[in-house]
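Data block below; observations after.
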Amino acid sequence: MPENLDEVKLYLWEDNGEIVGFSGVSAEELVMLFLDPDFIGKRYGSQILIELIETEDIKRIDVNSQNKYAKHFYLSHGFEIESEEDLDGFGKPYPITRLVKK
């Protein structure tokens, strides 16, 4: 994840005037994708990810290794596990799985 939010292109996702979620992209990396809980399981996440892959050429995503739902979601969209680390990019004890699009 970039050290500076100025390096992140932010998106706010809406449907019929309701905020569905938001995401952030930096240099072919999806650095965040969050959905309102009311919209989870309704294919919004898939639609957003596909849009970002097509428009921003997303190739990398880091996820919390303990978030099995997120790992499964990205793996089901063609990402593969590249590495798993016990520490995040800031040296904090936050296990991270790096996923890449082949």
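Every number in this text was worked out from the coordinates using simple rules, so none of it is lab data. The model shown is predicted, which means the values in this text are computed figures rather than measured ones. As a convention, Cβ positions derive from the backbone with ideal geometry for all residues, glycine included, and neighbour counts pool all protein chains shown.
Annotation for Glu82 and Glu54: the two label points, set 7 Å from Cα along the Cα-Cβ direction, are 2.4 nm apart. For trypsin sites (Lys or Arg not before Pro), the sites in segment 3-65 that DSSP calls loop and that have at most 11 other Cβ atoms within 10 Å are Arg43.
Ordered by the count of other Cβ atoms within 10 Å of each Cβ, fewest first, Ile50, Ile58 give Ile50, Ile58.
The three principal axes of the C-alpha atoms in the chain carry coordinate ranges of 40, 30, 25 Å, sorted with the longest axis first.
Measuring r between the beta carbons of Leu75 and Asn16 and using R0 = 30 Å, the FRET efficiency lands at 0.50.
Neighbour counts of other Cβ atoms within 10 Å put Asp86, Asp62 in the fewest-to-most order Asp86, Asp62. Ordered by the count of other Cβ atoms within 10 Å of each Cβ, fewest first, Tyr44, Tyr94 give Tyr94, Tyr44.
Cross-link partners for Lys101 among the lysines, with Cα-Cα distance under 21 Å and sequence neighbours closer than 8 places in the same chain left out: Lys9, Lys59, Lys68, Lys71. Looking at segment 51-102, which chymotrypsin sites (Phe, Trp or Tyr not before Pro) are DSSP coil and have at most 12 other C-beta atoms within 10 Å of their C-beta? Sparse-neighbourhood loop chymotrypsin sites (Phe, Trp or Tyr not before Pro): Phe90.
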